[in-house]
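*Asks:* Please see the structure below; I have some questions.
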Amino acid sequence: MTNSDTITDQVFDVESIRKDFPILQTKVYGKPLIYLDNAATTQKPLQVLQTLEKYYTEYNSNVHRGVHLLSQQATEAYEAARKKIAAFINAKHDHEVIFTKGTTNSINLVAYTYGRKFLKEGDEVLISAMEHHSNIVPWQIICEEKNAVLKVIPIDEAGELQMNEFDKLLTPKVKIVAVTYVSNSLGTVNPVREIIAKAHALNIPVLLDGAQAVQHMPLDVQELDVDFLAFSGHKMYGPTGIGILYGKEKWLNDMPPYEGGGDMISHVTFAKTTYNELPFKFEAGTPDISGAIALGSAVDYIQQAGIHAIQQWEEELIAYAYDKLAAIPSLRFIGDARHRAGAISFLIGNIHPFDTGEILDKQSIAVRTGHHCTQPLMELFHIPGTVRASFACYNTKAEVDELVRAIEKAKRMLE
Ligand code: PMP
(Lines give C-alpha, C1' and ligand atoms only; values in the text may rest on other atoms or scores of the structure.)
Protein backbone atom coordinates (compact mmCIF):
# COMPACT_ATOMS: atom_id res chain seq x y z
CA MET A 1 0.00 0.00 0.00
CA THR A 2 1.16 3.55 -0.63
CA ASN A 3 0.24 6.63 1.33
CA SER A 4 -1.71 7.94 -1.61
CA ASP A 5 -4.31 5.23 -0.98
CA THR A 6 -7.32 6.74 0.68
CA ILE A 7 -8.71 3.62 2.29
CA THR A 8 -10.17 4.83 5.53
CA ASP A 9 -12.34 1.79 6.20
CA GLN A 10 -9.28 -0.46 6.39
CA VAL A 11 -9.64 -2.60 9.50
CA PHE A 12 -7.23 -1.43 12.17
CA ASP A 13 -6.68 -4.23 14.65
CA VAL A 14 -4.95 -2.55 17.57
CA GLU A 15 -4.58 -5.81 19.51
CA SER A 16 -2.67 -7.44 16.69
CA ILE A 17 -0.56 -4.27 16.28
CA ARG A 18 0.32 -4.42 19.98
CA LYS A 19 1.73 -7.94 19.57
CA ASP A 20 4.38 -6.48 17.26
CA PHE A 21 5.82 -4.31 20.06
CA PRO A 22 7.64 -6.51 22.60
CA ILE A 23 8.16 -3.67 25.07
CA LEU A 24 4.40 -3.34 25.55
CA GLN A 25 4.59 -6.61 27.52
CA THR A 26 6.93 -4.95 30.01
CA LYS A 27 5.76 -4.49 33.58
CA VAL A 28 6.50 -1.26 35.45
CA TYR A 29 6.27 -1.52 39.25
CA GLY A 30 4.62 -4.91 38.64
CA LYS A 31 1.87 -3.52 36.42
CA PRO A 32 1.55 -3.52 32.61
CA LEU A 33 3.28 -0.52 31.05
CA ILE A 34 0.96 2.17 29.67
CA TYR A 35 3.17 4.17 27.38
CA LEU A 36 1.79 7.64 26.60
CA ASP A 37 5.07 9.43 25.88
CA ASN A 38 5.09 8.78 22.17
CA ALA A 39 5.79 12.38 21.17
CA ALA A 40 9.16 11.99 22.91
CA THR A 41 9.86 8.69 21.20
CA THR A 42 7.75 5.77 20.01
CA GLN A 43 8.35 2.10 20.75
CA LYS A 44 9.73 -0.15 18.03
CA PRO A 45 8.02 -3.11 16.37
CA LEU A 46 9.73 -6.50 15.97
CA GLN A 47 10.08 -5.87 12.24
CA VAL A 48 12.39 -2.91 12.97
CA LEU A 49 14.31 -4.76 15.70
CA GLN A 50 14.81 -7.76 13.41
CA THR A 51 16.14 -5.53 10.64
CA LEU A 52 18.77 -4.16 13.03
CA GLU A 53 19.76 -7.63 14.15
CA LYS A 54 19.89 -8.97 10.60
CA TYR A 55 22.10 -6.11 9.48
CA TYR A 56 24.63 -6.64 12.27
CA THR A 57 24.59 -10.44 12.13
CA GLU A 58 24.52 -10.92 8.35
CA TYR A 59 25.91 -8.03 6.32
CA ASN A 60 27.40 -5.28 8.53
CA SER A 61 29.74 -3.33 6.27
CA ASN A 62 30.45 0.24 5.23
CA VAL A 63 28.45 1.76 2.39
CA HIS A 64 29.46 3.29 -0.94
CA ARG A 65 33.11 2.30 -0.53
CA GLY A 66 33.76 -1.38 -0.92
CA VAL A 67 33.62 -3.64 -3.93
CA HIS A 68 33.16 -6.68 -1.71
CA LEU A 69 29.80 -8.39 -1.42
CA LEU A 70 28.88 -7.29 2.09
CA SER A 71 29.56 -3.66 1.28
CA GLN A 72 27.40 -3.97 -1.82
CA GLN A 73 24.58 -5.53 0.21
CA ALA A 74 24.79 -2.79 2.84
CA THR A 75 24.83 -0.09 0.15
CA GLU A 76 21.84 -1.63 -1.62
CA ALA A 77 19.84 -1.86 1.61
CA TYR A 78 20.79 1.70 2.60
CA GLU A 79 19.75 3.10 -0.77
CA ALA A 80 16.59 0.95 -0.80
CA ALA A 81 15.65 2.58 2.52
CA ARG A 82 16.11 6.01 0.96
CA LYS A 83 13.75 4.99 -1.85
CA LYS A 84 11.11 3.77 0.63
CA ILE A 85 11.27 7.06 2.54
CA ALA A 86 11.11 9.07 -0.69
CA ALA A 87 7.99 7.10 -1.70
CA PHE A 88 6.47 7.52 1.78
CA ILE A 89 6.57 11.32 1.54
CA ASN A 90 6.17 11.27 -2.26
CA ALA A 91 9.43 13.09 -3.02
CA LYS A 92 9.97 13.65 -6.71
CA HIS A 93 13.57 12.35 -6.52
CA ASP A 94 15.21 9.90 -4.13
CA HIS A 95 18.22 12.22 -3.89
CA GLU A 96 16.02 14.85 -2.28
CA VAL A 97 16.00 12.61 0.82
CA ILE A 98 19.04 13.22 3.02
CA PHE A 99 19.83 10.94 5.96
CA THR A 100 20.57 12.98 9.10
CA LYS A 101 20.65 12.27 12.83
CA GLY A 102 17.11 13.54 13.32
CA THR A 103 14.88 16.60 13.16
CA THR A 104 17.28 18.79 15.12
CA ASN A 105 20.17 17.88 12.86
CA SER A 106 18.04 18.43 9.73
CA ILE A 107 16.97 21.92 10.82
CA ASN A 108 20.52 22.84 11.77
CA LEU A 109 21.65 21.71 8.34
CA VAL A 110 19.21 24.08 6.62
CA ALA A 111 19.87 26.98 9.02
CA TYR A 112 23.64 26.77 8.52
CA THR A 113 23.72 26.12 4.78
CA TYR A 114 20.69 27.98 3.44
CA GLY A 115 21.22 30.63 6.12
CA ARG A 116 24.91 31.02 5.38
CA LYS A 117 24.24 31.48 1.68
CA PHE A 118 21.01 33.44 1.54
CA LEU A 119 20.70 35.52 4.74
CA LYS A 120 22.01 39.07 4.79
CA GLU A 121 21.93 41.87 7.32
CA GLY A 122 18.37 43.05 7.95
CA ASP A 123 16.77 39.92 6.43
CA GLU A 124 14.17 38.09 8.47
CA VAL A 125 13.48 34.47 9.43
CA LEU A 126 9.88 33.77 10.37
CA ILE A 127 9.06 31.04 12.89
CA SER A 128 6.08 30.57 15.22
CA ALA A 129 5.45 30.89 18.94
CA MET A 130 4.89 27.15 19.32
CA GLU A 131 8.22 25.96 17.94
CA HIS A 132 10.35 23.32 19.58
CA HIS A 133 13.75 24.65 20.65
CA SER A 134 15.17 22.73 17.68
CA ASN A 135 13.33 25.09 15.34
CA ILE A 136 14.25 28.23 17.30
CA VAL A 137 17.88 28.02 18.37
CA PRO A 138 19.53 27.16 15.01
CA TRP A 139 17.77 30.19 13.49
CA GLN A 140 18.78 32.40 16.40
CA ILE A 141 22.42 31.41 15.96
CA ILE A 142 22.50 32.09 12.22
CA CYS A 143 20.49 35.32 12.58
CA GLU A 144 22.98 36.56 15.14
CA GLU A 145 25.87 35.70 12.85
CA LYS A 146 24.28 37.45 9.88
CA ASN A 147 22.66 40.36 11.71
CA ALA A 148 19.33 39.05 10.50
CA VAL A 149 16.13 39.23 12.56
CA LEU A 150 14.08 36.37 13.98
CA LYS A 151 10.35 37.13 13.82
CA VAL A 152 7.64 35.09 15.53
CA ILE A 153 4.06 34.38 14.43
CA PRO A 154 1.96 34.75 17.60
CA ILE A 155 -0.64 32.23 18.76
CA ASP A 156 -4.00 32.69 20.47
CA GLU A 157 -5.35 31.21 23.72
CA ALA A 158 -6.47 28.05 21.94
CA GLY A 159 -2.92 27.46 20.77
CA GLU A 160 -3.62 28.28 17.12
CA LEU A 161 -1.47 30.49 14.92
CA GLN A 162 -2.83 34.00 14.44
CA MET A 163 -2.95 33.93 10.68
CA ASN A 164 -3.84 37.61 10.34
CA GLU A 165 -0.55 38.37 12.14
CA PHE A 166 1.25 35.95 9.85
CA ASP A 167 -0.08 37.92 6.87
CA LYS A 168 1.38 41.10 8.33
CA LEU A 169 4.75 39.53 9.17
CA LEU A 170 5.15 37.93 5.75
CA THR A 171 7.01 40.64 3.84
CA PRO A 172 9.73 40.45 1.18
CA LYS A 173 12.28 40.84 4.00
CA VAL A 174 11.53 37.27 5.07
CA LYS A 175 13.99 34.84 3.53
CA ILE A 176 12.57 31.63 4.99
CA VAL A 177 9.51 30.55 6.98
CA ALA A 178 10.18 27.67 9.41
CA VAL A 179 7.16 26.30 11.27
CA THR A 180 6.05 23.08 12.85
CA TYR A 181 3.33 21.04 11.15
CA VAL A 182 2.06 19.70 14.48
CA SER A 183 2.91 21.18 17.89
CA ASN A 184 4.60 18.68 20.19
CA SER A 185 3.32 20.52 23.28
CA LEU A 186 -0.25 21.36 22.27
CA GLY A 187 -1.10 18.93 19.48
CA THR A 188 -2.18 21.84 17.24
CA VAL A 189 -2.14 21.00 13.53
CA ASN A 190 -1.12 24.15 11.71
CA PRO A 191 -2.62 25.41 8.40
CA VAL A 192 0.57 24.62 6.53
CA ARG A 193 -1.01 24.64 3.07
CA GLU A 194 -2.08 28.24 3.55
CA ILE A 195 1.33 29.17 4.97
CA ILE A 196 3.17 27.60 2.04
CA ALA A 197 0.89 29.13 -0.59
CA LYS A 198 1.20 32.62 0.91
CA ALA A 199 4.99 32.35 1.33
CA HIS A 200 5.41 31.06 -2.22
CA ALA A 201 3.40 34.00 -3.55
CA LEU A 202 6.40 36.07 -2.39
CA ASN A 203 8.96 33.42 -3.51
CA ILE A 204 9.83 32.62 0.11
CA PRO A 205 10.70 28.98 0.86
CA VAL A 206 9.09 27.10 3.75
CA LEU A 207 10.64 24.54 6.09
CA LEU A 208 8.22 22.28 7.94
CA ASP A 209 9.19 20.61 11.18
CA GLY A 210 7.42 17.30 10.61
CA ALA A 211 8.65 15.59 13.79
CA GLN A 212 5.09 15.23 15.11
CA ALA A 213 3.34 14.87 11.76
CA VAL A 214 4.70 12.03 9.61
CA GLN A 215 3.72 9.29 12.07
CA HIS A 216 0.14 10.54 12.43
CA MET A 217 -1.08 11.58 8.99
CA PRO A 218 -0.34 11.11 5.30
CA LEU A 219 2.13 13.68 4.08
CA ASP A 220 2.91 14.37 0.42
CA VAL A 221 5.73 16.86 -0.12
CA GLN A 222 4.83 17.46 -3.76
CA GLU A 223 1.19 18.08 -3.02
CA LEU A 224 2.15 20.41 -0.14
CA ASP A 225 4.82 21.95 -2.37
CA VAL A 226 6.96 22.33 0.75
CA ASP A 227 10.63 23.26 0.26
CA PHE A 228 12.12 21.46 3.28
CA LEU A 229 10.73 18.84 5.64
CA ALA A 230 12.55 17.61 8.74
CA PHE A 231 11.62 14.53 10.78
CA SER A 232 13.04 11.90 13.15
CA GLY A 233 13.08 8.13 12.76
CA HIS A 234 12.64 7.44 16.46
CA LYS A 235 9.25 9.16 16.63
CA MET A 236 7.89 6.99 13.80
CA TYR A 237 8.68 3.50 15.15
CA GLY A 238 12.27 3.58 13.87
CA PRO A 239 15.55 3.70 15.78
CA THR A 240 17.18 6.69 17.43
CA GLY A 241 20.08 8.42 15.71
CA ILE A 242 18.52 8.57 12.26
CA GLY A 243 16.29 11.19 10.67
CA ILE A 244 15.49 12.84 7.40
CA LEU A 245 15.85 16.14 5.69
CA TYR A 246 13.75 16.36 2.56
CA GLY A 247 14.66 19.32 0.39
CA LYS A 248 13.64 20.34 -3.11
CA GLU A 249 16.47 19.51 -5.51
CA LYS A 250 16.79 23.13 -6.57
CA TRP A 251 17.48 24.31 -3.01
CA LEU A 252 19.77 21.45 -2.06
CA ASN A 253 21.86 22.05 -5.16
CA ASP A 254 22.07 25.76 -4.36
CA MET A 255 23.12 25.28 -0.75
CA PRO A 256 26.76 24.82 0.33
CA PRO A 257 27.67 21.57 2.11
CA TYR A 258 27.10 21.30 5.86
CA GLU A 259 29.85 19.07 7.22
CA GLY A 260 33.04 18.18 5.40
CA GLY A 261 34.56 14.72 5.31
CA GLY A 262 34.21 11.36 3.61
CA ASP A 263 31.43 10.58 1.11
CA MET A 264 30.51 14.23 0.53
CA ILE A 265 33.49 14.89 -1.75
CA SER A 266 34.01 14.42 -5.43
CA HIS A 267 37.74 15.15 -5.43
CA VAL A 268 40.10 16.46 -2.75
CA THR A 269 43.42 18.20 -3.14
CA PHE A 270 45.08 20.38 -0.52
CA ALA A 271 44.32 23.34 -2.77
CA LYS A 272 40.62 22.68 -3.36
CA THR A 273 37.82 20.17 -2.87
CA THR A 274 34.91 19.58 -5.21
CA TYR A 275 31.74 18.19 -3.74
CA ASN A 276 29.76 15.07 -4.47
CA GLU A 277 26.29 15.20 -6.00
CA LEU A 278 23.04 14.89 -4.05
CA PRO A 279 22.26 13.31 -1.67
CA PHE A 280 25.89 12.49 -0.73
CA LYS A 281 26.95 16.14 -0.62
CA PHE A 282 25.08 16.36 2.70
CA GLU A 283 26.05 12.96 4.13
CA ALA A 284 29.61 13.40 5.38
CA GLY A 285 31.26 10.48 7.15
CA THR A 286 30.00 6.96 7.76
CA PRO A 287 26.24 7.33 8.17
CA ASP A 288 23.99 5.48 10.59
CA ILE A 289 23.68 2.57 8.16
CA SER A 290 21.70 0.22 10.38
CA GLY A 291 19.48 3.08 11.49
CA ALA A 292 18.66 4.09 7.93
CA ILE A 293 17.85 0.52 6.89
CA ALA A 294 15.72 0.02 10.00
CA LEU A 295 13.93 3.31 9.34
CA GLY A 296 13.03 1.80 5.97
CA SER A 297 11.47 -1.10 7.89
CA ALA A 298 9.57 1.36 10.10
CA VAL A 299 8.16 2.96 6.96
CA ASP A 300 7.19 -0.50 5.66
CA TYR A 301 5.45 -1.10 8.98
CA ILE A 302 3.46 2.14 8.77
CA GLN A 303 2.56 1.47 5.15
CA GLN A 304 1.36 -2.02 6.00
CA ALA A 305 -0.81 -0.84 8.87
CA GLY A 306 -1.92 2.01 6.58
CA ILE A 307 -1.24 5.63 7.44
CA HIS A 308 -4.91 6.51 6.84
CA ALA A 309 -6.02 3.72 9.16
CA ILE A 310 -3.50 4.87 11.79
CA GLN A 311 -4.75 8.43 11.47
CA GLN A 312 -8.36 7.35 11.81
CA TRP A 313 -7.63 5.20 14.88
CA GLU A 314 -5.58 7.89 16.60
CA GLU A 315 -8.24 10.53 15.94
CA GLU A 316 -10.84 8.27 17.52
CA LEU A 317 -8.55 7.62 20.47
CA ILE A 318 -7.75 11.30 21.02
CA ALA A 319 -11.43 12.30 20.81
CA TYR A 320 -12.18 9.59 23.40
CA ALA A 321 -9.34 10.77 25.67
CA TYR A 322 -10.36 14.39 25.30
CA ASP A 323 -13.96 13.67 26.37
CA LYS A 324 -12.89 11.52 29.31
CA LEU A 325 -10.30 14.03 30.52
CA ALA A 326 -12.70 16.95 30.09
CA ALA A 327 -15.03 15.29 32.63
CA ILE A 328 -12.38 15.46 35.39
CA PRO A 329 -13.13 18.46 37.64
CA SER A 330 -10.28 21.01 37.84
CA LEU A 331 -8.48 19.56 34.81
CA ARG A 332 -7.77 22.24 32.24
CA PHE A 333 -6.40 21.67 28.79
CA ILE A 334 -3.44 23.71 27.61
CA GLY A 335 -4.20 24.37 23.99
CA ASP A 336 -7.62 23.77 22.54
CA ALA A 337 -7.07 23.86 18.80
CA ARG A 338 -9.86 22.79 16.47
CA HIS A 339 -7.50 20.56 14.50
CA ARG A 340 -5.13 18.50 16.60
CA ALA A 341 -3.06 15.34 16.47
CA GLY A 342 -0.86 13.19 18.65
CA ALA A 343 -0.77 14.97 22.00
CA ILE A 344 -3.01 16.35 24.73
CA SER A 345 -1.53 18.73 27.31
CA PHE A 346 -3.22 19.57 30.57
CA LEU A 347 -2.86 20.70 34.18
CA ILE A 348 -4.87 19.73 37.24
CA GLY A 349 -5.83 22.57 39.55
CA ASN A 350 -2.68 24.04 41.03
CA ILE A 351 -0.81 20.74 41.13
CA HIS A 352 2.68 20.96 39.66
CA PRO A 353 2.95 18.80 36.53
CA PHE A 354 5.98 16.94 37.96
CA ASP A 355 3.94 15.78 40.94
CA THR A 356 1.16 14.50 38.69
CA GLY A 357 3.75 12.80 36.48
CA GLU A 358 5.36 11.03 39.42
CA ILE A 359 2.09 9.65 40.71
CA LEU A 360 1.12 8.49 37.22
CA ASP A 361 4.53 6.82 36.91
CA LYS A 362 3.96 4.84 40.11
CA GLN A 363 0.78 3.58 38.47
CA SER A 364 2.84 2.39 35.48
CA ILE A 365 1.70 5.23 33.22
CA ALA A 366 4.46 7.01 31.29
CA VAL A 367 3.57 10.60 30.39
CA ARG A 368 5.86 13.56 29.89
CA THR A 369 5.87 16.52 32.23
CA GLY A 370 7.65 19.84 31.84
CA HIS A 371 8.16 22.39 29.11
CA HIS A 372 8.60 19.85 26.28
CA CYS A 373 11.48 21.90 24.82
CA THR A 374 9.07 24.78 24.16
CA GLN A 375 9.97 27.20 26.96
CA PRO A 376 8.79 30.37 25.15
CA LEU A 377 5.41 28.70 24.62
CA MET A 378 5.11 27.85 28.33
CA GLU A 379 5.93 31.46 29.16
CA LEU A 380 3.09 32.63 26.92
CA PHE A 381 0.69 30.46 28.91
CA HIS A 382 2.33 31.59 32.19
CA ILE A 383 2.90 28.01 33.29
CA PRO A 384 6.01 26.03 34.26
CA GLY A 385 5.01 23.13 32.06
CA THR A 386 2.22 20.68 31.36
CA VAL A 387 1.37 17.03 31.71
CA ARG A 388 1.36 15.64 28.19
CA ALA A 389 -0.24 12.39 27.11
CA SER A 390 0.82 11.55 23.58
CA PHE A 391 -0.45 8.70 21.49
CA ALA A 392 0.75 6.16 18.96
CA CYS A 393 -1.09 3.59 16.88
CA TYR A 394 -0.73 0.89 19.56
CA ASN A 395 -2.53 2.81 22.32
CA THR A 396 -6.02 1.76 23.37
CA LYS A 397 -9.16 3.20 24.93
CA ALA A 398 -8.60 0.92 27.92
CA GLU A 399 -5.27 2.68 28.47
CA VAL A 400 -7.05 6.03 28.37
CA ASP A 401 -9.46 4.74 31.03
CA GLU A 402 -6.46 3.77 33.17
CA LEU A 403 -4.99 7.24 32.68
CA VAL A 404 -8.21 8.85 33.85
CA ARG A 405 -8.40 6.53 36.88
CA ALA A 406 -4.77 7.34 37.76
CA ILE A 407 -5.35 11.10 37.43
CA GLU A 408 -8.32 10.84 39.77
CA LYS A 409 -6.10 9.04 42.26
CA ALA A 410 -3.42 11.75 41.89
CA LYS A 411 -6.07 14.38 42.54
CA ARG A 412 -7.19 12.63 45.72
CA MET A 413 -3.59 12.48 46.94
CA LEU A 414 -2.47 15.99 45.97
CA GLU A 415 -5.42 18.34 46.01
N1 PMP B 1 10.56 19.33 16.66
C2 PMP B 1 9.50 18.80 17.28
C3 PMP B 1 8.13 19.35 16.98
C4 PMP B 1 9.67 17.78 18.20
O5 PMP B 1 8.63 17.26 18.83
C6 PMP B 1 10.97 17.28 18.45
C7 PMP B 1 11.21 16.18 19.46
N8 PMP B 1 10.57 16.35 20.67
C9 PMP B 1 12.03 17.85 17.75
C10 PMP B 1 11.79 18.87 16.87
C11 PMP B 1 13.44 17.37 17.94
O12 PMP B 1 13.55 16.05 17.49
P13 PMP B 1 14.90 15.24 17.71
O14 PMP B 1 15.22 15.35 19.16
O15 PMP B 1 14.55 13.84 17.30
O16 PMP B 1 15.93 15.86 16.85
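*Asks:* If you stretched the chain out fully between residue 253 and residue 272, how much longer would it get, using 0.36 nm times the residue separation minus the C-alpha to C-alpha distance?
*Replies:* Working it through step by step, the gained length comes to 5.0 nm.
*Asks:* Also, quick follow-up: Residues in region 181-206, backbone N under 17 Å from the label point at residue 319 (7 Å along the Cα-to-beta-carbon vector): list them, ranges by number please.
*Replies:* Zone members listed by number: 189.
*Asks:* Moving to a separate point now. What is the distance in Å between the Cα centres of region 255-297 and region 86-109?
*Replies:* Region 255-297 and region 86-109 have Cα centres spaced 13 Å from each other.
*Asks:* Between rounded, prolate and oblate, where does region 203-288 land on the alpha carbon gyration tensor, with a ≥ b ≥ c its root eigenvalues, rounded for a/c under 1.5, else prolate if a/b exceeds b/c?
*Replies:* Verdict is oblate for region 203-288.
*Asks:* On the accessible surface of region 49-303, probed at 1.4 Å, how many percent belong to carbon and sulfur atoms?
*Replies:* That share works out to 52 percent.
*Asks:* Something else now. Using Cα-Cα distances under 8 Å and only pairs 6 or more residues apart, what relative contact order does region 49-303 have, in percent?
*Replies:* On the way: 486 pairs, mean separation 63.2, N = 255.
Averaging sequence separation for qualifying contacts and normalising by length gives 25 percent for region 49-303.
*Asks:* While we're here: Could you report the chain's accessible area per residue, 1.4 Å probe, as an integer in Å²?
*Replies:* Computed with neighbouring chains in place, this is 42 Å² per residue.
*Asks:* Need the full-extension length gain, residue 397 to residue 409, defined as separation in residues times 0.36 nm minus the C-alpha distance. One decimal, nm.
*Replies:* 2.5 nm
*Asks:* Compute, for the chain, the length of the dipole vector about the Cα centre, with Cβ point charges of +1 (Lys, Arg) and -1 (Asp, Glu) only. Units Debye, rounded to 20.
*Replies:* 560 debye
*Asks:* What are the lysines whose alpha-carbon lies under 28 Å from the alpha-carbon of residue 27, with same-chain residues fewer than 8 places away excluded?
*Replies:* Excluding near neighbours in sequence, the set is 19, 44, 54, 235, 324, 362, 397, 409, 411.
*Asks:* Could you pull the accessible area for residue 323 with a 1.4 Å probe, rounded to 10 Å²?
*Replies:* 110 Å²
*Asks:* Name the shape class, rounded, prolate or oblate, that the alpha-carbon gyration tensor gives for the chain, where a ≥ b ≥ c are the square roots of its eigenvalues, rounded holds for a/c under 1.5, and otherwise prolate holds if a/b is larger than b/c and oblate otherwise.
*Replies:* Since a/c reaches 1.5 but b/c is at least a/b, the shape of the chain is classed as oblate.
The values are calculated or read from the model by the stated rules, or taken from the named source; none is laboratory data. Given the structure is predicted, the values throughout are model-derived calculations rather than measurements. Cβ sites come from the backbone with ideal geometry, for glycine too, and all protein chains shown count toward neighbours. Accessible surface is based on the protein model in full, side chains and every heavy atom, while ligands, DNA and RNA are left aside. Shrake-Rupley method; radii C 1.70, N 1.55, O 1.52, S 1.80 Å.
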